[in-house]
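The values are calculated or read from the model by the stated rules, or taken from the named source; none is laboratory data. Bear in mind the structure is a predicted one, so any value in this text is a computation, not a measurement. Glycine gets a Cβ as well: all are built from the backbone with ideal geometry, and neighbour counts include every protein chain shown. Side chains included, ligands, DNA and RNA excluded: accessible areas come from the protein's heavy atoms. Shrake-Rupley method; radii C 1.70, N 1.55, O 1.52, S 1.80 Å.
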Amino acid sequence: MTAILGLGAAVLLVSVIAVRVSTKVGLPSLLLYLGIGVVLGESVLGIQFDDADLTRSLGTVALVLILAEGGLTTRWTAVKPALGLGIALSTVGVFVSVGVTGAALHYLLGLDWRMALLWGAVLSSTDAAAVFSVLRAVGVSKRLTGALELESGINDAPVYIAVLLLASPDPITWTAPLLLVYELLVGGLIGIALGWLGAAALRRAALPATGLYPLATVAVCVFAYTAGDLAHASGFLAVYTAALVLGNSRLPHRSDTLSFAEGLGWLAQIGLFVLLGLFASPSSVLNALVPALVAGAVLVLLARPLSVALSAIPFKVPWREQVFVAWSGLRGAVPIVFALIPVIQGVPGAQDLVDAVFVLVVVLTLLQGSTLPALAKLLGLVQTGEAHEVQVDSAPLDELGAELLQVRIQQGSKLHGVYLSELRLPPGATVSLVVRSNKGFTPQPTTRLQVDDQLLVVSTEEARDAAEKRLRSIDKAGRYARWKGEDGGKPAFPSI
């Protein structure tokens, strides 16, 4: 046991250092995690691990945590403008990709129709971990980022259902589309309901320690997955929607919760990719190189662009953005985990699919992940000088009926240069402290705010929402926000 703990700690430390290395060399860190797993495996250090059932179970747990982190850290203001496109990509786009990829592989690789479509289904899911870790550093518009994050958070659900249907020995009947609609609809509703109820409970709870709030929030997300699965609905969609609702609600100690979720998401990504690298057999993977490259070419050059083009028709997406979205269909751990399902069910030829998917994940992550920033610049999609949304965190003061709002002024925010008197916060809210260059002072009406300032705003519960909206409006439009019609936007979900 001591040796296992020590090995686990060493792997985690090396993986954390790998994030820094990958940032410097421009290599997606997910590949380094896979490499660590391969080094630990049978071909190098000799650790034998070939339990497909355990790998799939642990992979599912990791995916739940990754989706929870993705939903919690996704701002509704970013995905709302791209809601229609994101949903279209994760539904219509998936079915187009499955059909096109399956048909092409049936003729090119000689696979029977069911196995060919199974390949298409497994390869049609973009990976939330890959998208969240790579895309947010590219610098494209929030609308594009939101659409791709929404797609990666939602499309696991229909792909998972399709893989289960195609891997089953039972014939596919006319009820399959109805089952798909039921699982997606009920899964989404369960996630929204539990997210809203969880946020309401956390808002009213007076937990004895700050660290309990992040734990409770993540527990609500995991419970949403369980509830969806027990209802024979989509647990993946339930956990993502629950996390999305929670992350955009007025949670106490929200900043601490998001930091905890981010750390948990990194841990899940590291563990999942190291595990998959450990499970892989390099000798058999090399034998799958040719069919993997054929499938990858079909996917990248035909299926993905066509699915994006058809999904984007109702939304009049410019061709440059369509090209970027098509190239941003990052694959990661999700296809490998889903490919293990037919292996567990004993489908003939399923191991070949696992080996091919492993090759594709490495090739496509390396190819697409490393070239996305250059492609965004080439297409003129990089946003320069865009203001980051003001960060507002709150902590309840239950006995006083008040709240503390901690505001950090980001680079590019139009709060920079505004005098304190120009904030015009609503009655019941005031700035009690400003921290600048790690030194705090009591501000005066003539105090002029600067980038990287942290403000401590004390507000009554009644004035809390109005104070936050006012701060966000000035963050977006400056001291003349009201004249410009900027009111800070509506809450992402009803106030709790």
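Observations on the structure shown:
- The criterion of being surrounded by 13 or more Cβ atoms within 10 Å (Cβ to Cβ) and modelled with pLDDT under 80 does not hold for L83.
- The listed residue being buried (at least 19 other Cβ atoms within 10 Å of the Cβ), farther than 15 Å from A303 by Cα and touching a Ser or Thr at 6+ places or on another chain (Cβ under 7 Å), out of S124, S152: S152
- Yes/no for L397 being modelled with pLDDT under 90 and over 18 Å from R464 (Cα atoms): no
- Condition check for G228: under 20 Å from V181 (Cβ atoms) and at pLDDT 85 or above: yes
- Only one of R143, R114, R75 that is surrounded by fewer than 19 Cβ atoms within 10 Å (Cβ to Cβ) and over 16 Å from the mean Cα position of the chain (by Cα): R114
- Look at region 442-459: where a residue is farther than 17 Å from L405 by Cα and a partner is of a type in the set (G, A, S) and buried (at least 17 other Cβ atoms within 10 Å of the Cβ), sitting 6+ places away or on another chain with Cβ atoms under 9 Å, you get V451/S413.
- When restricted to residues that are under 16 Å from the mean Cα position of the chain (by Cα) and open to solvent by 20 Å² or more (accessible area, probe 1.4 Å), region 221-247 contains 3.
- Among (1) open to solvent by 60 Å² or more (accessible area, probe 1.4 Å); (2) at pLDDT 90 or above, the one test that A68 misses: (1)
- Among the residues examined, V134 qualifies as modelled with pLDDT under 90 and either assigned to a helix (DSSP H, G or I) or open to solvent by 10 Å² or more (accessible area, probe 1.4 Å) (or both).
- Positions within region 89-111 being within 10 Å of V298 (Cβ to Cβ), open to solvent by less than 70 Å² (accessible area, probe 1.4 Å) and either modelled with pLDDT under 90 or hydrophobic (A, V, I, L, M, F, W, C) (or both), in sequence order: V100, A103, A104, L105, L109
- Filtering region 444-458 to residues that are assigned to a loop (DSSP other than H, G, I, E, B) and either surrounded by fewer than 17 Cβ atoms within 10 Å (Cβ to Cβ) or among the hydroxyl-bearing types (S, T, Y) (or both) leaves Q444, P445, T446, T447, Q450, V451, D452.
- Each residue in region 461-481 was checked for being more than 30 Å from the chain's Cα centre (by Cα) and under 18 Å from Q410 (Cβ atoms), and 3 of them qualify.
- Some residue of region 41-59 being of a type in the set (S, T, Y), open to solvent by less than 70 Å² (accessible area, probe 1.4 Å) and at pLDDT 80 or above: yes
- Residue within region 181-192 that is in contact (Cβ under 8 Å) with a residue 60 or more places away in the chain, over 19 Å from A243 (Cβ atoms) and surrounded by fewer than 16 Cβ atoms within 10 Å (Cβ to Cβ) present: no
- Test: residue in region 172-180 that is touching a residue at least 12 places away in the same chain (Cβ under 8 Å) and surrounded by fewer than 24 Cβ atoms within 10 Å (Cβ to Cβ): yes
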